[in-house]
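The values are calculated or read from the model by the stated rules, or taken from the named source; none is laboratory data. Keep in mind that this is a model prediction, so the values were computed, not measured. Note that we place each Cβ from the backbone using ideal geometry, even for glycine, and neighbour counts take in every protein chain shown.
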There are 2 protein chains.
Amino acid sequence: MDIELTILGSSSAVPTSLRNTTAQVLNVLGRFFLIDCGEGTQLQMRKYKIPYNRINHIFISHLHGDHFFGLIGYISSIGLQGRKTPLHIYSHKKLEIILRFQLETLNTNLPYDLIFHYLDTSKKEIIYEDKNITVTSFSLKHRDVPTCGFLFKEKEKPLKLIKEKLKELNIPIAQRVKIKAGADYITENGDIIANNKLTTRPPDPRSYAFCSDTAYTEKFLDVIDNVDLLYHEATHANDNKARAKQTYHSTAEQAATVAHKANAKKLIIGHFSTRYTDTSQHEKEAREIFPNTFAVKDGDIFKI
Amino acid sequence: MDIELTILGSSSAVPTSLRNTTAQVLNVLGRFFLIDCGEGTQLQMRKYKIPYNRINHIFISHLHGDHFFGLIGYISSIGLQGRKTPLHIYSHKKLEIILRFQLETLNTNLPYDLIFHYLDTSKKEIIYEDKNITVTSFSLKHRDVPTCGFLFKEKEKPLKLIKEKLKELNIPIAQRVKIKAGADYITENGDIIANNKLTTRPPDPRSYAFCSDTAYTEKFLDVIDNVDLLYHEATHANDNKARAKQTYHSTAEQAATVAHKANAKKLIIGHFSTRYTDTSQHEKEAREIFPNTFAVKDGDIFKI
């Protein structure tokens with residue numbers, strides 16, 4: 001089953017007529033995770049057919065408005081529609097202060113629980129875990145604004161028994177747990193049958209890393225090493241390299257350098273400055289360093 | 001020159017894929033007024049080519065999220081784009097508390113002044129005035145939520161002198177101010193020339209009234225008497241009359257009754273419940289009472 005990423009917003013700071021501000025939905029085997037929530041995210045979810053009441057976990061990278069102004073509308077709408085399931089928000093603690101202040105000032109009682117999990121932006125840590133995946137937050141470099149990236153990674157799956165082989169060798173059921181855990185099998189005669197004759201390796205765990213907003217930095221390379229799909233912001237092309245540095249954003253070339261050094265399999269870039277109506281230059285500059293790069297548009301879907 | 005109303009949102013409570021939540025822009029001879037500001041209003045302004053940095057006055061009817069959640073994004077975006085001109089917001093005082101709390105918590109310094117004018121929702125009063133128009137707020141009936149409607153009305157223009165006539169009669173320039181103010185002219189011979197021979201009446205002042213959200217009430221009929229264009233919410237059709245009453249909203253028939261009793265020239269209805277994908281029933285029921293009724297869509301433009 002695919003892991004599927006839908007881009008809901010790809011503009012930086014201010015939306016344009018073609019690009020909303022940052023938001024993405026990651027569908028991991030039927031569980032939907034929302035990453036950032038710029039203004040209009042609930043509208044984009046409707047437009048792109050995201051089953052938006054099935055989101056139980058929201059990850060907010062940092063508290064610039066273009067990454068969270070859509071949250072109050074989203075949490076209100078699902079409340080009006082009668083949601084009962086708790087909603088978990090992973091963010092800087094100030095987000096809880098702001099949202100609860102607004103809800104209390106207006107005497108709004110949501111019919112479900114909002115549960116906040118504060119991000120420690122100074123280190124990498126596992127912030128979410130279920131039977132399929134872990135989510136690890138890691139530190140980005142965005143001036144003095146505490147900012148996190150997120151790595152979504154499938155857990156290692158157990159080895160798969162080759163049932164025909166086990167039957168053929170008449171291996172007792174009691175042994176199967178050990179073989180599944182990697183053990184060889186020793187027959188009654190004392191012959192050793194190597195584990196790899198009895199099992200197949202599961203597919204490699206898949207992974208997605210989200211890195212926005214950030215100046216160029218290599219400090220999280222170890223976290224995202226070998227990632228399948230990397231989203232890295234590329235607010236500017238090289239014509240505005242100085243501006244990127246000044247505002248703690250990245251160029252497409254810098255995003256590609258990160259992808260290259262992290263041995264990523266595929267790079268997608270977004271968070272484009274409104275000064276660009278066309279992002280082919282971003283793509284061109286990035287591909288010189290990391291050929292498998294794509295500039296995203298709202299509504300794009302990437303399968304892992 | 002036309003007075004022009006653009007509908008930016010026509011859904012109630014929760015947006016749909018076709019309708020944003022409430023927002024409208026009224027262009028009065030080149031001055032743009034924003035009325036309510038649901039989530040995504042800045043996006044709608046871009047979509048419908050509203051010169052959105054030219055808005056200096058925003059009127060917020062009440063503090064339900066579908067009428068103001070777009071404000072934080074809008075005021076932030078125009079700040080990022082370097083606005084210097086003060087922005088006036090007419091609303092319940094809690095809106096200032098919420099917005100300033102959020103700006104202060106995130107250490108956001110807008111490069112322009114936000115000036116709040118608190119609405120007294122218990123009475124009608126002139127809350128804005130310039131050389132062309134007045135804006136009067138008046139009380140609506142929306143459960144326990146303080147809610148205002150707004151009447152935008154052109155000022156009476158002075159009489160227009162018929163220059164050829166004045167020349168023909170050789171009327172001294174000194175007399176013209178009096179004639180313009182309505183006086184007859186007395187010739188040197190003592191003959192009286194009636195004012196209406198010397199002047200033409202200016203066009204009648206045009207007016208627009210915005211009434212959302214409200215249960216059926218006649219208490220503001222005097223304020224909107226003879227209005228040219230009336231917007232009245234019609235969240236429900238008659239099939240949900242009980243629901244309308246319970247939630248302090250109106251049916252299309254009730255909106256039409258208000259238009260009829262106020263001697264309005266034209267009625268537009270909106271703020272449709274998400275349970276309706278089609279609003280022809282609203283239009284049909286309203287037209288039985290007030291034929292000149294139209295159900296709005298996002299992007300509709302009405303000229304007065």
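For segment A:1-37, a tally of residues being assigned to a loop (DSSP other than H, G, I, E, B), closer than 24 Å to A:H282 by Cα and either within 16 Å of the chain's Cα centre (by Cα) or hydrophobic (A, V, I, L, M, F, W, C) (or both) returns 5.
Against the list (1) buried (at least 16 other Cβ atoms within 10 Å of the Cβ); (2) in contact with an Asp or Glu (Cβ under 6 Å, 6 or more places away or on another chain), the condition A:Q44 fails is (2). In this structure, A:F272 qualifies as under 22 Å from the mean Cα position of the chain (by Cα), buried (at least 19 other Cβ atoms within 10 Å of the Cβ), more than 15 Å from A:A209 (Cβ to Cβ) and not acidic (D, E).
Of all residues in segment A:233-267, count the ones that are closer than 25 Å to A:S17 by Cβ and either buried (at least 24 other Cβ atoms within 10 Å of the Cβ) or small (G, A, S) (or both).
11
Let's see how each residue does on (1) within 14 Å of another protein chain (Cβ to nearest Cβ); (2) among the small types (G, A, S):
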| site | (1), (2) |
| --- | --- |
| B:S10 | yes, yes |
| B:V25 | no, no |
| B:R31 | no, no |
| B:G40 | yes, yes |
| B:Y48 | yes, no |
| B:F59 | no, no |
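Evaluate the following for B:I97: is it at pLDDT 95 or above, within 14 Å of chain A (Cβ to nearest Cβ) and either surrounded by fewer than 18 Cβ atoms within 10 Å (Cβ to Cβ) or touching a Phe, Trp or Tyr at 6+ places or on another chain (Cβ under 9 Å) (or both)? Judged against the criteria, B:I97 is a match. For segment A:178-206, give me each residue that is part of a loop (DSSP other than H, G, I, E, B) and of a type in the set (V, I, T). Residue satisfying the conditions is A:T187 alone.
If you filter segment A:268-304 down to residues that are more than 20 Å from A:S12 (Cα to Cα) and among the aliphatic types (A, V, I, L, M), you find that the one that is modelled with the lowest pLDDT is A:I304. The number of residues in segment B:100-124 being surrounded by fewer than 20 Cβ atoms within 10 Å (Cβ to Cβ) and not in a loop (DSSP other than H, G, I, E, B) comes to 10.
Answer with yes or no whether B:V258 is in contact with a Phe, Trp or Tyr (Cβ under 8 Å, 6 or more places away or on another chain), among the hydrophobic types (A, V, I, L, M, F, W, C) and assigned to a loop (DSSP other than H, G, I, E, B). Judged against the criteria, B:V258 is not a match. Of the residues making up segment B:210-267, those that are within 18 Å of B:Q24 (Cα to Cα) and at pLDDT below 95 are B:S212, B:D213.
Identify, from the list A:Q102, A:Q42, A:Q24, the residue that is touching a Phe, Trp or Tyr at 6+ places or on another chain (Cβ under 6 Å), of a type outside the set (G, A, S) and in the same structural domain as A:D213 (by TED's automatic domain parsing). Even if it seems obvious, please write down each step before you answer.
Values: A:Q102 fails: touching a Phe, Trp or Tyr at 6+ places or on another chain (Cβ under 6 Å); A:Q24 fails: touching a Phe, Trp or Tyr at 6+ places or on another chain (Cβ under 6 Å).
Exactly one of A:Q102, A:Q42, A:Q24 is touching a Phe, Trp or Tyr at 6+ places or on another chain (Cβ under 6 Å), of a type outside the set (G, A, S) and in the same structural domain as A:D213 (by TED's automatic domain parsing), namely A:Q42.
Would you point out the residue of segment A:63-86, among those that are touching a strand residue (DSSP E or B) at 6+ places or on another chain (Cβ under 7 Å) and crowded, with 21+ Cβ neighbours inside 10 Å, that is farthest from the other protein chains (Cβ to nearest Cβ)?
Here the answer is A:H67.
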